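Each remark here refers to the structure printed beneath this line.
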Amino acid sequence: MTKITPQPGIMDIELYQGGASHVEGLTNVVKLSSNENPFGPSEAAKEAFRKAAFDLHRYPSTDHASLREAIGQVHGVDPARVICGVGSDEIIAFLCQAYAGPGDEVIHTEHGFALYKIGAMANGATPVEVRERERVTDVDAILAACTERTRLVFVANPNNPTGTMIGEGELTRLADGLPPQTLLVIDGAYAEYVEGYDGGAGLVDRRDNVVMTRTFSKLYGLGGLRVGWGYGPGHVIDVLNRIRGPFNLSQAALVTAEAAVRDTAWAEKCRNDNTRMRAWLAEALAGHGVASDTSMANFILARFPSRADAEACDEYLKSEGLIVRRVAGYKLPNCLRITVGDEPSCRRVAHAVGQFMGDE
Ligand SMILES: *Cc1c(COP(=O)(O)O)cnc(C)c1O
């Protein structure tokens, strides 16, 4: 027996399962399991990435000033209080490392993103799951679960995999009701899909206990590049910058993300397409007897009568070359999460679900 052992908690972490991407023996497969932008990144972003090939021998910027400036201009935030990371995953990891350790509690919601729990356990902290109300974040339940050991509260808004969100008033009530040692993290991975929503940036500006995380992986179509960012009060950003590696982001990632955020026309086109196809898909599924909550993100959580139905539908979709996501691990065994793809993909999904339900 080896005496070389990791820190407590680490071996209790279950390995993260990514969305599948291929089906044996089938071509014309569509991946709708990872909430990726079906159109990919903007042309300007791709061009910036190509150009970056000529500078690969140079070390990247350590302060990310140019990308933070662009984010500040486009999203209306103070660039001095932006921190960039290897996906928002890294910002979440920094927050857990900086604020939660053994004996501390980290709150996440019942159907919340898996990384909050992983981040807590990786640092020896105790993840605390709080129930949702009909697949919606319940502020009162979160406040009731807070103790003097609560250090972080993670809320994704809109949430993944439910697609639901709570309003600005509820977020404010949550921030104001937390114990003094507790930091609220609003994960805005899908904020860009919500017309007129700032992802919580305004609340960050008005409070000293709120941090917002954002990503280039969803609307901006750069999941493979790994760039995310956080926005918070100066005292928090200063802490996170101390544990951030000086060269955490490559120059290729920095310039590509900057070009992507500046291409607001592409972002708007993608948002509008998603809104249109999401409504179409939700209605088509409902027409086949498959219910879903109103989604504010780029996916739909399709609800089936039972776990067996959801699994059988998943198998059928797979046989038709359509890969969607099972979410039993998110305590939603009777549901499938379906990314809103381009129009042909949405039509294929709706048709196949209709066939499965015996309608077509
Ligand atoms: C996809 C997603 C992220 C983004 O992770 P990245 O590391 O930025 O790719 C963060 N939070 C939630 C809830 C997500 O669904």
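Determine whether segment 225-239 contains at least one residue that is within 16 Å of the ligand (Cβ to nearest atom), among the hydroxyl-bearing types (S, T, Y), at pLDDT 95 or above and under 20 Å from the mean Cα position of the chain (by Cα).
Yes, the conditions are met somewhere in segment 225-239.
Can you tell me which of S319, S295 is of a type in the set (S, T, Y), closer than 26 Å to S217 by Cβ and either assigned by TED's automatic domain parsing to the domain that holds A20 or at pLDDT below 95 (or both)?
Selected residue: S295, the only one of S319, S295 that is of a type in the set (S, T, Y), closer than 26 Å to S217 by Cβ and either assigned by TED's automatic domain parsing to the domain that holds A20 or at pLDDT below 95 (or both).
Considering E134, E129, E105, which residue is in the same structural domain as I243 (by TED's automatic domain parsing), charged (D, E, K, R) and surrounded by 18 or more Cβ atoms within 10 Å (Cβ to Cβ)?
When all the criteria are applied, what remains is E105.
Just name the residue that is nearest to L249 (Cα to Cα) out of those in segment 110-130 that are more than 10 Å from the ligand (Cβ to nearest atom), under 18 Å from the mean Cα position of the chain (by Cα) and not acidic (D, E).
G119
Scan segment 238-274 for residues that are crowded, with 17+ Cβ neighbours inside 10 Å, polar (S, T, N, Q) and in the same structural domain as V82 (by TED's automatic domain parsing) and jot them down.
N248, S250, T256, listed by residue number.
Given the options P38, P8, name the one that is more than 23 Å from R226 (Cβ to Cβ) and not hydrophobic (A, V, I, L, M, F, W, C).
P8
Would you please list the contacts, defined by Cβ atoms under 6 Å and residues six or more apart or on different chains, that run from a residue in segment 275-290 that is not assigned by TED's automatic domain parsing to the domain that holds V194 to a residue that is part of a helix (DSSP H, G or I) and among the small types (G, A, S)?
Within 6 Å, the pairs are A284/A350; H288/G354.
Say we look at segment 167-178 and pick out the residues that are of a type outside the set (D, E) and more than 20 Å from V106 (Cα to Cα); which of these is nearest to the ligand (Cβ to nearest atom)?
The selected residue is G167.
Which of the residues spanning segment 22-74 are closer than 26 Å to V327 by Cβ, among the acidic types (D, E) and surrounded by 12 or more Cβ atoms within 10 Å (Cβ to Cβ)? Don't jump to the end; show me each part of the working.
Residues of segment 22-74 that are closer than 26 Å to V327 by Cβ, as a first pass: 22-26, 28-40.
Narrowing further to those that are among the acidic types (D, E): 24, 36.
Passing the criteria: only E36.
In segment 78-109, how many are in contact (Cβ under 8 Å) with a residue 24 or more places away in the chain, more than 14 Å from the ligand (Cβ to nearest atom) and touching a helix residue (DSSP H, G or I) at 6+ places or on another chain (Cβ under 9 Å)?
12
Among the residues of segment 183-216 satisfying the criterion of being among the hydroxyl-bearing types (S, T, Y) and surrounded by 21 or more Cβ atoms within 10 Å (Cβ to Cβ), which is nearest to C335 (Cα to Cα)?
Applying the filter and picking the extreme gives Y190.
If you check every pair at least six apart or on different chains, which have Cβ atoms under 8 Å apart with a residue in segment 146-168 that is within 19 Å of L203 (Cα to Cα) first and a residue that is within 9 Å of the ligand (Cβ to nearest atom) and charged (D, E, K, R) second?
Close Cβ pairs satisfying both conditions: F154/D187; V155/D187; A156/D187; N157/D187.
The values are calculated or read from the model by the stated rules, or taken from the named source; none is laboratory data. Keep in mind the model is a prediction, meaning the values are calculated, not measured. Note: ideal-geometry Cβ built from the backbone for every residue, glycine included; neighbour counts use all protein chains shown.
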